[in-house]
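Participant: Input: one structure, supplied below.
The values are calculated or read from the model by the stated rules, or taken from the named source; none is laboratory data. No experiment lies behind these values; they were computed from the predicted model shown. Here the Cβ positions follow ideal geometry from the backbone for every residue, glycine too, while neighbour counts run over all protein chains shown.
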Amino acid sequence: MLSFAVSGMSAGEWTPIFNGKNLEGWIPKITKHAAGVNLHDTFRVEDGILKVSYEDYPEFDGQFGHLYSEKSYSHYLLRMEYRFEGGMMPDAPHYVNLNSGFMVHAQSATEMKLNQNFPVSVEFQFLADEGKGHRQTGNVCTPGTLIEIEGETITQHIVKSTAPTFPAGEWISVEIEVRGNDKIIHRVNGEDVLSFQKPSLDPNDEKFGAQDLIKAGKPLKIGSGHIALQAEGQGVWFRNIELKLLEP
């Protein structure tokens, strides 16, 4: 766990981890490119908003991106607001339409392989209304990981939340409570919508990279990691990204 002294934060205080001016404290990593390369200015800051933009992309070409916190965290609350902006890239997979999110307990940007699409992590998924029926936001996705719910190990990739469906273009407030390996809670507009426990590396994963981490000596239990904001072919905006450290 990152100590309070190293992080420059104090337990119990909300602290911005995005300064509203630039990407200081964050590292981009985009598939097919080295860590630190912000391809086509994918991640840009305008008017205090951190924007994922594809306006300078000739095509998406499988270039999934994430913006990683430089620091690793273990016990904390993280809150932010998001909204979808514009449509998905025409050549992106269909599922990315009005779909984004952020990862916690993620491997670092520098641990990512050159052609790795997603970090091994636990994702707080953002979704918006496509006009095809209920499509709740606040789900959990598990690239390369397992979670437990009420003592049962969950192997499915997506577990749905109890949140409502929101229209695209609306600012939505989200919060996640992360207590190391013990418990993670998703909140949407102040309401608890999902709770799970004991995130771990999936030893049977052959898609996302968990086996590589296990072979490198990483423990199966995941109790800390980086925060990563998604850029997966759909425009999305983030603002008011704040973190409060919790006592373990």
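Participant: Mind checking whether some residue in the range 77-100 is under 17 Å from V122 (Cα atoms), surrounded by 22 or more Cβ atoms within 10 Å (Cβ to Cβ), aromatic (F, W, Y) and at pLDDT 95 or above?
Facilitator: Checked the range 77-100: no residue is under 17 Å from V122 (Cα atoms), surrounded by 22 or more Cβ atoms within 10 Å (Cβ to Cβ), aromatic (F, W, Y) and at pLDDT 95 or above.
Participant: Being under 13 Å from the mean Cα position of the chain (by Cα) and either of a type in the set (D, E) or closer than 20 Å to I30 by Cα (or both) is the filter here, so list the residues in the range 82-116 that pass it.
Facilitator: First, pick out the residues of the range 82-116 that are under 13 Å from the mean Cα position of the chain (by Cα): 82, 99-109.
Selection gives N99, S100, G101, F102, M103, V104, H105, A106, Q107, S108, A109.
Participant: Kindly indicate which of A228, A163, A168, A210 is buried (at least 21 other Cβ atoms within 10 Å of the Cβ) and within 24 Å of K132 (Cα to Cα).
Facilitator: A163
Participant: Looking only at the range 160-179, count how many residues are in a loop (DSSP other than H, G, I, E, B) and closer than 17 Å to M103 by Cα. Show your work before the answer.
Facilitator: Start the filter on the range 160-179 by keeping residues that are in a loop (DSSP other than H, G, I, E, B), which leaves 160-171.
Adding the requirement that they be closer than 17 Å to M103 by Cα leaves 160-161.
Of the residues in the range 160-179, 2 are in a loop (DSSP other than H, G, I, E, B) and closer than 17 Å to M103 by Cα.
Participant: Of these, V96, V37, which one is free of Cβ contacts under 8 Å to residues at least 40 places away in the same chain and β-branched (V, I, T)? Can you show your working first?
Facilitator: On the way: V96 fails: free of Cβ contacts under 8 Å to residues at least 40 places away in the same chain.
The match here is V37.
Participant: Name the pairs whose Cβ atoms lie under 8 Å apart, with the first residue in the range 183-202 and at positive phi, the second among the small types (G, A, S) and assigned to a strand (DSSP E or B), and 6 or more positions between them or separate chains?
Facilitator: Taking only residues 6 or more apart or on different chains, the pairs are N189/S173; G190/S173.
Participant: If the requirement is being among the aliphatic types (A, V, I, L, M) and over 18 Å from E242 (Cα atoms), which of these qualifies: V96, V45?
Facilitator: Values: V45 fails: over 18 Å from E242 (Cα atoms).
Answer to the selection: V96.
Participant: What about K113, is it within 23 Å of F208 (Cβ to Cβ), of a type in the set (K, R), part of a loop (DSSP other than H, G, I, E, B) and in contact (Cβ under 8 Å) with a residue 60 or more places away in the chain? Spell out how you get there, then give the answer.
Facilitator: Working: within 23 Å of F208 (Cβ to Cβ): yes; of a type in the set (K, R): yes; part of a loop (DSSP other than H, G, I, E, B): yes; in contact (Cβ under 8 Å) with a residue 60 or more places away in the chain: yes.
Yes: the conditions hold for K113.
Participant: Tell me which of these G48 doesn't satisfy, since it passes every other one: (1) more than 19 Å from the chain's Cα centre (by Cα); (2) within 13 Å of A231 (Cα to Cα); (3) among the small types (G, A, S).
Facilitator: (2)
Participant: Give the residue, chosen from R83, R79, that is closer than 17 Å to G169 by Cα and of a type in the set (K, R). So that I can check it myself, show each step before the final result.
Facilitator: On the way: R79 fails: closer than 17 Å to G169 by Cα.
R83 is the lone residue from the list that is closer than 17 Å to G169 by Cα and of a type in the set (K, R).
Participant: I'd like the full set of residues that are among the aliphatic types (A, V, I, L, M) and either farther than 21 Å from K71 by Cα or assigned to a strand (DSSP E or B) (or both), limited to the range 197-248. Let's see the steps before the verdict.
Facilitator: First pass over the range 197-248, keeping only residues among the aliphatic types (A, V, I, L, M): 201, 210, 213-214, 216, 220, 222, 227-229, 231, 236, 241, 243, 245-246.
Those that are among the aliphatic types (A, V, I, L, M) and either farther than 21 Å from K71 by Cα or assigned to a strand (DSSP E or B) (or both): L201, I214, I227, A228, L229, A231, V236, I241, L243, L245.
Participant: Moving on. Out of the range 10-19, which residues are exposed (fewer than 14 other Cβ atoms within 10 Å of the Cβ), of a type outside the set (D, E) and assigned to a loop (DSSP other than H, G, I, E, B)?
Facilitator: S10, A11, G12
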